[in-house]
Structures are given as C-alpha cells and as structure tokens.
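No lab work stands behind these numbers, since they all come straight from the coordinates. Predicted model only: the values in this text are computed from it and were never measured. Methodologically, a virtual Cβ is constructed for each residue, glycine included, from the backbone with ideal geometry; neighbour enumeration extends over all protein chains shown.
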Amino acid sequence: MASKEQMDALFEEARRAASFAYAPYSKFRVGAALLGADGAVYSGCNVENRSFGLTICAERNAVLQGVAKGCRSFSALAISTPDSKDPVGPCGACRQVLSEFMEADAAVCFGGAGPRVDISLGDLMPYDSLHDLSSRLR
Ligand code: THU
C-alpha cells in the first residue's frame, strides 16, 4: 500500500510530467506517474495530434513507458491536471488499460490546482473482468 509520502512524491512526478505535455489543440496539460512493482516511477504526458483521434492520454503514455521497460505491474498512480482547478480523473479508455496492469486496491490520486481526490482503481473501474467478481456469484 502506497504511503501518503509516496503519493505526494508520485503527484510531484505527475506534475513534472504535465510540463512536457504536447497539447496545442486543447491547451489542457495532463501528467501521470505510475509506481512500478520494481520500485521505479514511470511517467507520461498527453500527446495530441492534428488528427484529434490519435491523441494519447498521459495515463496510457505512462503505462506504455513502464511496459516498454519491462514493468507490467503498478501499485499506484498519480495524475496532475495543472490547467484545471478541479480534479480530473482518468478517461474510460485509460481506466480499462490501467486495469490490465494494476490491482483493484491500487491507490490513485488526481488533482488540478486545488484539492486532490484519493481513490482506488477498483472504485474507478468496478467489476472489471480481471477483478474479483466472486462476491456477485449467486
Ligand atoms: N487527457 C488525458 O491525457 N487524460 C485524461 O484522463 C483525460 C484527457 C487529455 C487528452 C487531451 O489531450 C486533453 O486531455 C483534453 O481532453
């Protein structure tokens, strides 16, 4: 379980990653940082494209950074959206991709310029096929 200090440090990494965002179209920068099971931090930013649908979100970019370095399991995620006052959580596509490489109890925090949300991946992506459905068996 990630400590408050680890989540604070991860959020700082996410904020740093957001500074590298390529977001000339939306002008909305996003940074994500994942704590790998190997102890390393993998970060990513959103990378937009003039063909809008090809835009990659910061969260999926961070997952790809980790997997490309051989890390396939992450225990915590922080997301920074410095251009918003309110917290902005991961989009549905990113929740699906994150759930491939993270357990339901993995810590997630996200925030803009104001207060942060602390939640688990399972609360953001409940009853996903890889997570435990046994409590729902009748
Ligand atoms: N974006 C992310 O990077 N992650 C999210 O979870 C939400 C949206 C990016 C995509 C696009 O570059 C910009 O934010 C505006 O939607």
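What angle, in degrees between 0 and 90 and rounded to the nearest 10, separates the Cα long axis of helix 4-18 from the longest principal axis of the Cα atoms of the chain? The answer is roughly 40 degrees. For a straight C-alpha distance cut-off of 26 angstrom, the lysines reachable from Lys27 (same-chain residues fewer than eight places away being disregarded) are Lys85.
How high is the relative contact order of the chain, in percent, with contacts defined as C-alpha pairs under 8 Å that are six or more residues apart? Write out the running numbers ahead of the final one.
On the way: 303 pairs, mean separation 28.4, N = 138.
The value is 21 percent.
Near Asn46: Cβ cut-off under 15 Å, other residues only, Lys/Arg at +1 and Asp/Glu at -1. The net charge is +3. Helix 58-68 and the long axis of the chain differ in direction by around 70°, with both axes built from C-alpha atoms. Considering only Arg29, Arg95, Arg50, the mean-square fluctuation computed in a Gaussian network model of the chain, springs between alpha carbons under 10 angstrom, is largest for Arg50. Test of understanding: extend the Cα→C-beta vector of Glu5 to 7 Å, then name every residue of the stretch 70-86 with backbone N under 20 Å from that spot. Counting backbone N atoms under 20 Å from the label point, the list is 75-78. Taking square-rooted eigenvalues a ≥ b ≥ c of the alpha carbon gyration tensor, is the stretch 1-132 rounded, prolate or oblate, where a/c under 1.5 means rounded and, failing that, a/b exceeding b/c means prolate? In terms of gyration-tensor shape, rounded. In a fully extended conformation the segment linking Asp118 and Leu54 would gain 20.1 nm over its present Cα-Cα distance, using 0.36 nm per residue.
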